[in-house]
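For reference, the structure discussed in these notes is given below.
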Amino acid sequence: MELISGAIMPGFEKPARAEIIKARVESEKLGPILPSAEHDLGAAKRVHAEDFIDFLPAVWPMWAAEGRSGTAMPFSWPTRGLRDDVRPRHIDGLLGFYSFDAGANFVAGTWSAIKSSYDVALSAAELVKAGERAAFALCRPPGHHAGRAFMGGYCFINNAAVAAQWFRDQGAAKVALLDIDYHHGNGTQQIFYERSDVLVVNLHGDPMVEYPFFLGHADENGAGEGEGFNHNYPLPFGTAWEGWSEAFEDGCAKVAAYAPDVLLVSLGVDTFEKDPISQFKLVSGDYPKIGRRIAKLGLPTLFVMEGGYAVDEVGVNAVGVLTGFEEG
Ligand code: 6XA
Ligand code: ZN
């Protein structure tokens, strides 16, 4: 369940999304569908705070210990002027302490889903490291809103950030992360903001009017060592291919100029015209064009699934990027 427009409603980020995308990968005969291998949480703790990662599997047991069922959801946060240096003991306090919104909620199976999603990202990364031109990590839940020590927006572990760091730890000198989800990848930006070894490029709905609101403006270019290695393209409601592709072209040029060893794509297809929670106007025919342009970068590429909630078309659109890439 999620809190949306003043009501607690069934979440848009639901299991059917992954099933539909998988079915489309199969019907398009895109390549072998491989199971993920189990990984320990060491790679997660390279980009997230250890206490945050250790908290995630504890949420549901702590919630249940209060005699509760339903959906575990935060409702109180350490905002400006309050204490964020003292970690509460109660589950309601901890949920607020480790989140930026009420959008990363738990039911009994959530930790298991988070862990699987993480395993999928790392397993796919290993394929690219082993020499595959590309792999697609069909992650669910998504990850790009998860920061160093916070969850939010359906995201718990930042799968793309974990994979980017994993490539670095495996010897890649430079990694680029291109986030084309409709929403700004605030977690990804935060994680790498002061680093020059991971370039982060984000195209998204303008945070003046769109979630996640408090990050993603054009003047956020990185800090310290990371100055010049973060690029945001906030775009207005109603943006269709013409405007989107212009920003995308600029973002791709930034990636090419950086000359990374490997490219990660945070692949959200909530840029689609019929997405129920988004305001861009891409059409299904645009997604293969995106894939073809990414292919032209000529980089080993790991696609990591993020958002996209128009379930009738989520498979066609996500896989459209991949088939476009294969042609390109
Ligand atoms: C606010 C909307 C969450 C958007 C999640 C998403 N409840 N992020 O798709 O990319
Ligand atoms: Zn999104």
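Taking 0.36 nm per residue of separation and subtracting the Cα-Cα distance, what length does fully extending residue 108 through residue 30 add?
On the way: separation 78, 0.36 × 78 = 28.08 nm, distance 3.30 nm.
Gain on stretching residue 108 to residue 30: 24.8 nm.
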Sticking with the crude label model, points 7 Å out along Cα→Cβ, report the distance from residue 213 to residue 242 in nm, one decimal please. 3.2 nm
Taking residue 45 as the anchor, which lysines have their alpha carbon closer than 16 Å to its alpha carbon, excluding any fewer than eight residues away along the same chain? 115
How many lysine pairs does segment 178-328 hold where the Cα atoms are under 22 Å apart and the two sit 8 or more places apart or on different chains? 4
Using the charge dipole of the chain (Lys, Arg: +1 at Cβ; Asp, Glu: -1 at Cβ; taken about the Cα centre), state which of 57, 248, 157 has its Cα farthest towards the positive end. 57
Which angle from 0 to 90°, rounded to the nearest 10, does the C-alpha axis of helix 110-129 make with the longest principal axis of the chain? 30 degrees
P(r) of segment 278-318 in 10 Å steps, Cα pairs, percent per bin? 23, 54, 21, 1
Using θ = phi - 60° and the Karplus relation 6.51 cos²θ - 1.76 cosθ + 1.60, list the HN-Hα couplings for segment 239-246 in order, rounded to whole Hz, with x at every Gly or Pro. 4, 10, 3, 4, x, 5, 5, 5
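Take the eigenvalues of the Cα gyration tensor for the chain, scale each by 5, and report the square roots as semi-axes in whole Å, largest first.
Working: eigenvalues 164, 92, 86 Å².
They are 29, 21, 21 Å, listed largest first.
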Assuming 0.36 nm per residue, please report the length gained on full extension of the stretch residue 40 to residue 196 beyond their Cα-Cα distance. 53.5 nm
The helix 15-27 Cα axis meets the longest alpha-carbon principal axis of the chain at an angle in degrees, between 0 and 90 and rounded to 10, of 20 degrees
If you line up the Cα atoms of segment 55-105 on their principal axes, what length do they span on each, largest first, in Å? 32, 21, 16
How far is it, in nm, from the label point at residue 292 to the one at residue 87 when both lie 7 Å from their Cα along the line to the Cβ? 5.1 nm
Of all trypsin sites (Lys or Arg not before Pro) in segment 1-97, the ones in DSSP coil with at most 16 other Cβ atoms within 10 Å are 29, 68, 80, 83, 89
Charges only on Cβ, +1 for Lys and Arg, -1 for Asp and Glu: so what's the dipole of segment 1-101 about the Cα centre, in debye to the nearest 20? 160 debye
Mind checking which aspartates and glutamates have their C-alpha under 16 Å from residue 22, skipping anything on the same chain fewer than 8 residues away? 13, 306, 312, 313
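A short reminder: the numbers here are calculations on the coordinates, not readings from a lab. Note that this is a predicted model, so its numbers are computed, not measured. Ideal geometry is used to build each Cβ from the backbone, glycine not excepted, and the neighbour counts take in all protein chains shown.
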